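Each remark here refers to the structure printed beneath this line.
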Amino acid sequence: MKVNVGCNGLTMTELAQICGGMLCCVGGEVNRDMPFRYVCTDSREAERGSLFVALGGERVDGHDYIAAAVSSGNECVLCERLPEVGDRRYVAVVVDDSLKAIGELAKAYDRRLSHRKVAITGSVGKTTTKEFVAAVLAEGFRVHKTEGNYNSTLGMPLSLLSLQNDTEASVLEMGMSGFGEIEYMSRIAEPDIAIVTNIGSSHMEHLGSRENICHAKMEIVKGLKKGGTLLLNGDEPMLRAYLTPGVDPVFVGIDAPADFRAVNIREGIGRTVFDVCYNGRTVQNVVIPTMGRHNVYAALFAYAVGVRMNLDDQSILDGLNRYRPVGMRQNVYSIGDITVIEDCYNASPESMRAAINVLQSMSSQKKAGRMAAVLGNMYELGENAERFHEEIGLYFAKQGGSLLYTFGQMAEQIALGATLGGMQPENIYRNDDTKNPQLTGEMLLHSLRPGDTLLVKASRGAAAERILAYLKENSGRLKG
């Protein structure tokens, strides 16, 4: 990871003061006030003017790469110990914990700036909600948002360090795999608004239960500014019942009464229209350029943020309509005469069902072709993994699926669920080898017909987009 420090740079003396570290000149006298404008954790990205952060790890220890970083012209190092690097000169700040030091640096840097912060976590929908919120806030503010995978205990602080001097609002995504991580990031960011999108089954392997997942996600309140706003999914009973001393939650929802509620939801191909009820009034015909109830939730959170940030309704509507998906999340396009929904970024039982719902809605509105899906492995589900995969196959069948292509080690469980749901065995194609996406590609080439709608959905580790790449390369072989 590497970021450009947003404004004015920092010096090694400042770093030592902020982190309480020991400032050392290695290999000879070096300017202790050495400035740096970049922060990186990969020695291959180190260069003159950057700070190389040596992070310890079970498999890779960054301290083993300090010599390589210094050899490339890098003269600033943050580390936990000083290894031998030959005759190279550099200045180092030595701390007990490099990761914690980066967090302290980010917090101190952030406090120099005047801007409002929105922090987002949840089992699914974090990135989509972030993009909707950023699109809305861009109608009235200069916005910084988390990019790519900068949503971890390392990435989120680095994202803060890249804030520009003129930033007026920042939207920060916070992911986690265990207890304490969200609290750590929240205390660094000190958000004005905190969002928990939902509680799902992701990370069940590490946390053991949805109740524990809820506790871990709700750590986001630990750094919430006094008087700040906590936005929760009011259709999730665990969040509805969660006690947050000193904080009165604001709820968004569809099914249950909520402070911001979507009603009269209508779906069309590539868009959803709904009305928003809040503060005793109704805003009609809110349009978002994507499909699915899960996206309505994300838009509701963004609407609530816009209201809390004093944007008028028209600005919020304009921002929602300017939303665009990022990465491999629900991208819709055509390969030949096949409509494709590419949703390969990640998967959980909840997001799988949401994607299947979008597929069903899109397929039914086309009034032609069949409903087909490549469904792959979902990871980090613990001892209930087989059951979760079987339930997804069953759900696909019950929603009217015509063709199922399973991909990964859990292929048999997905296929079993679909069979139990009434799908004919000849319409279920199995591939348990994620190293061979071409096999599934060939299955698609030989069975899809013009007018079919195809969903491709799996966890990131399955890299199911390779199937689509093969399909594109061989699209001339699709049945015409």
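The values are calculated or read from the model by the stated rules, or taken from the named source; none is laboratory data. Just so it is clear, the structure is predicted and the values come from calculations on it, not from any experiment. Neighbour counts run over all protein chains shown; Cβ positions are idealised from the backbone, glycine included. Only protein heavy atoms, including side chains, enter the accessible area calculation; ligands, DNA and RNA are left aside. Shrake-Rupley method; radii C 1.70, N 1.55, O 1.52, S 1.80 Å.
For the range 1-81, carbon and sulfur atoms together expose 45% of the accessible surface, with a 1.4 angstrom probe and every protein chain in place.
Recomputing Rg/Rh (Cα atoms, Kirkwood Rh) from the coordinates shown identifies the correct label among (i) 0.97; (ii) 1.01; (iii) 1.44 as (ii).
Per-peptide packing, taken as the mean over residues of other Cβ atoms within 10 Å, places 310-318, 175-183, 450-458 in the sequence 450-458, 175-183, 310-318 from highest down.
Sorting the segments 259-265, 404-410, 459-465, 114-120 by their mean number of nearby beta carbons within 10 angstrom, highest to lowest, gives 404-410, 114-120, 459-465, 259-265. Averaged per residue, the range 272-396 has 38 square angstrom of accessible surface, using a 1.4 angstrom probe with ligands and nucleic acids left out. Per atom type, the range 284-431 shows carbon and sulfur on 45% of its accessible surface, probed at 1.4 Å.
3J(HN,Hα) couplings calculated from phi for the range 136-150 with the Karplus curve 6.51 cos²θ - 1.76 cosθ + 1.60 (θ = phi - 60°) are, in sequence order, 5, 5, 5, 6, x, 9, 7, 10, 10, 9, 4, 10, x, 9, 7 Hz; Gly and Pro show x. Axis angle, to the nearest 10 degrees, between helix 293-308 and the longest C-alpha principal axis of the chain: 40 degrees. In the full protein context, the range 1-133 carries 44 Å² of accessible surface per residue, based on a 1.4 Å probe and ignoring ligands, DNA and RNA. Put the Cα centre of the range 115-140 next to the Cα centre of the range 414-447 and the gap is 36 Å. Using θ = phi - 60° in the Karplus curve 6.51 cos²θ - 1.76 cosθ + 1.60, the 3J(HN,Hα) couplings for the range 401-409 round to x, 9, 10, 10, 10, 8, 9, x, 4 Hz; x is entered for Gly and Pro.
In this structure, the amide hydrogen of residue 117, modeled 1.01 Å from its nitrogen in the peptide plane, lies closer than 5 angstrom to those of 170, 192, 193, counting only residues at least 5 positions away or on a different chain.
Distance between the C-alpha centers of the range 1-56 and the range 144-158? Whole Å please. Spelled out, the Cα-based centre of one part sits 19 Å from the other. Atom-type composition of the exposed protein surface of the range 432-474 places 48 percent of the accessible area on carbon and sulfur (1.4 angstrom probe).
Counting only protein heavy atoms and a 1.4 Å probe, the range 177-225 has 33 square angstrom of accessible area per residue. Along the range 441-452 the Karplus relation, 6.51 cos²θ - 1.76 cosθ + 1.60 evaluated at θ = phi - 60°, assigns HN-Hα couplings of x, 5, 4, 5, 4, 8, 10, 6, 10, x, x, 5 Hz to successive residues, with x for each Gly and Pro.
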